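K.L.:
Could you have a look at this structure, given as C-alpha cells, before my questions?
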Amino acid sequence: MTTLKTRVLVGVMVLGTLLTGPLASACPFCSAVSQTLRQEMEVMDAVVIATALQSDLTRNADTGEVKMRIETVLKGGEHVEVGQTVTAVYFGDVAKGRRFMLSGVDPRDMQWSCLPLTPKSEKYLESITQLADKEPSQRLLFYYDYLQDEDSMLSRDAYDEFATTPYEEIRKIESALDHDALVSWIQDPEMSPERKRMYLTLLGICGGEEDLPMLESMLRSTQKSSRSGLDALIACYLTLGGEKGLAVIDELFLENQQASYADTYAAIMALRFHGSEGGVIARSALVPSLHHILERPDLADLVIPDLARWNDWSQIARIKQLFLDADAENNWVRVPAVNYLRACPKPEAAEAIKELEKVDPDSVRRANTFFAVPKPSANVKPVAQ
C-alpha cells in the first residue's frame, strides 16, 4: 500500500505532466548533480586560469584572501588580461604556484570564486572553451572520454554534460560508444544508480539483441545492485527487445499485482519514455501494458493521464467505474478520471461526466477549475533500425 505522502508527491508530478505534456527533456533517466563547468562559464563575466602568488604562510589567514596572477583568459578579455594580479578568497590549502580556475562576476568590482586545478583539469578547461560553440553531439564526443576518469571533478562534469543533453543528441554519437565498456560498467556492483542509468541509456543506443539475456537476468534478479536504476534498465531492455519485450515487463511489473510500488512506477516511467521519445515501440503497443495498472485502483491515477495524451479512448467504461468505486483510500483517482473523460471526444465520455457529477460534484468541479483539458501529445518519430 502506498503512503499518502507518496501519493501526493506523485500526484504533483502527474499533474505537471497532464498540464504541460511531455517536455523536451535531457537524458531521459539521468539527473545532473550540479551546473557543469561549461554552463558556469557561460554566466560568468570572466573566467581565467591563475597562479597563486602566496602560500598558507604569507596570505591573509583571517580573510582567506590570496593574491594570484592571471595566466590564461578563458572568457572576459575585455575585463581582465594576462599578467594581471587579482585577489581571490580561498580557505583551502594554498601553495605558491598552485593553479586555480577563477570565475568572476561584476566587472566594476570583480568577485572571484576559486576552483583548484591539476594539469589535467587545466587542459580540460581549455578544451571546454574551444568546444563552446560546437553542436551538443560534438561536445559529447569529448566528454565521453571522461565519464570514468580518475579525477572525480572531471568525471562528474562529464556525467552532468550527458545528463543535460537531449536524448536525440545523445543518439548521434552511437558509433563512438564502446559497447563492451558500457556492459562492464553496468555490471559493476559498485556503480552508482545515477551512472548506471546513464550507461543503460547509452547501451540502449549501441547495444543489440545479444544483450537481452543479460538485461533480463538483471530484471529478474533479487539482488538490489543488479536492479538499481530499474527505470533505465527496463527502458534499455525494451529499446533493444522492441515490442516483444513488453511481455516480460508486463509479467514482472505491470500485470503482476504483487510488484512493489517503486518497481511498478519504474516500469511506467520506462513506458512513458518509449511513448514520448523512444521511437522504437508504437504507442498502440504500449497502451495495453498500461491498461494493467487500471486493475490496481491505488495506482490507476498514474497512467490515466498517459492514456489521455496518447489518444487511447478504449477505457471510458473502466475509468468511469474507477471513479464510482473510489473510496477514502483512493479517491485521488477521481480528478484524473474526470480529466480523461473531458479530453475524450466521444459522446459517451460527456455522458459519463454528467453521471459522475451526480455522485461527486466536488471532484468534477476541481477537475474543471484547476486543470486544463489534457492535450494529445505528438507521435514519436520512429528510430531508424
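The values are calculated or read from the model by the stated rules, or taken from the named source; none is laboratory data. Note that the structure is a prediction, hence the values are computed from the model and not measured. Positions of Cβ are backbone-derived with ideal geometry, glycine not excepted, and every protein chain shown enters the neighbour counts.
K.L.:
For segment 281-293, check the following and say yes or no: at least one residue is buried (at least 22 other Cβ atoms within 10 Å of the Cβ) and not hydrophobic (A, V, I, L, M, F, W, C).
P.N.:
So far as segment 281-293 goes, yes, one or more of its residues are buried (at least 22 other Cβ atoms within 10 Å of the Cβ) and not hydrophobic (A, V, I, L, M, F, W, C).
K.L.:
Of everything in segment 59-88 that's closer than 21 Å to Leu125 by Cα and of a type in the set (A, V, I, L, M, F, W, C), which residue is nearest to the chain's Cα centre (by Cα)?
P.N.:
Filtering first and then ranking leaves Leu74.
K.L.:
Is there a residue in segment 322-334 that is among the aromatic types (Phe, Trp, Tyr), part of a helix (DSSP H, G or I) and modelled with pLDDT of 95 or more?
P.N.:
Checking segment 322-334: at least one residue is among the aromatic types (Phe, Trp, Tyr), part of a helix (DSSP H, G or I) and modelled with pLDDT of 95 or more.
K.L.:
For Pro305, which of the numbered conditions (1) in a helix (DSSP H, G or I); (2) under 30 Å from Leu341 (Cβ atoms); (3) of a type outside the set (Phe, Trp, Tyr); (4) assigned by TED's automatic domain parsing to the domain that holds Leu147 fails to hold?
P.N.:
(4)
K.L.:
Conditions: (1) in contact with an Asp or Glu (Cβ under 9 Å, 6 or more places away or on another chain); (2) in contact (Cβ under 8 Å) with a residue 12 or more places away in the chain; (3) farther than 20 Å from Ile293 by Cβ; (4) of a type outside the set (Phe, Trp, Tyr). Ala326 meets all but one. Number of the miss?
P.N.:
Condition not satisfied by Ala326: (3).
K.L.:
Still on this structure: For Ser377, work out the one condition from (1) in a loop (DSSP other than H, G, I, E, B); (2) among the small types (Gly, Ala, Ser); (3) exposed (fewer than 13 other Cβ atoms within 10 Å of the Cβ) it doesn't fulfil.
P.N.:
With respect to (1) in a loop (DSSP other than H, G, I, E, B); (2) among the small types (Gly, Ala, Ser); (3) exposed (fewer than 13 other Cβ atoms within 10 Å of the Cβ), Ser377 is out only on (3).
K.L.:
Taking only segment 268-280 into account, find how many residues are more than 15 Å from the chain's Cα centre (by Cα) and at negative phi.
P.N.:
Summing the residues that are more than 15 Å from the chain's Cα centre (by Cα) and at negative phi in segment 268-280 gives 2.
K.L.:
Same structure again: When segment 210-230 is examined, which residues are found to be among the charged types (D, E, K, R), assigned to a helix (DSSP H, G or I) and loosely packed, with under 15 Cβ neighbours inside 10 Å?
P.N.:
Matches in segment 210-230: Glu210, Arg220.
K.L.:
List, please: which pairs have Cβ atoms under 6 Å, are six or more places apart or on different chains, and start with a residue in segment 275-303 that is within 16 Å of Ile234 (Cβ to Cβ) and end with one that is hydroxyl-bearing (Ser, Thr, Tyr)?
P.N.:
Glu277/Tyr167; Val280/Thr239
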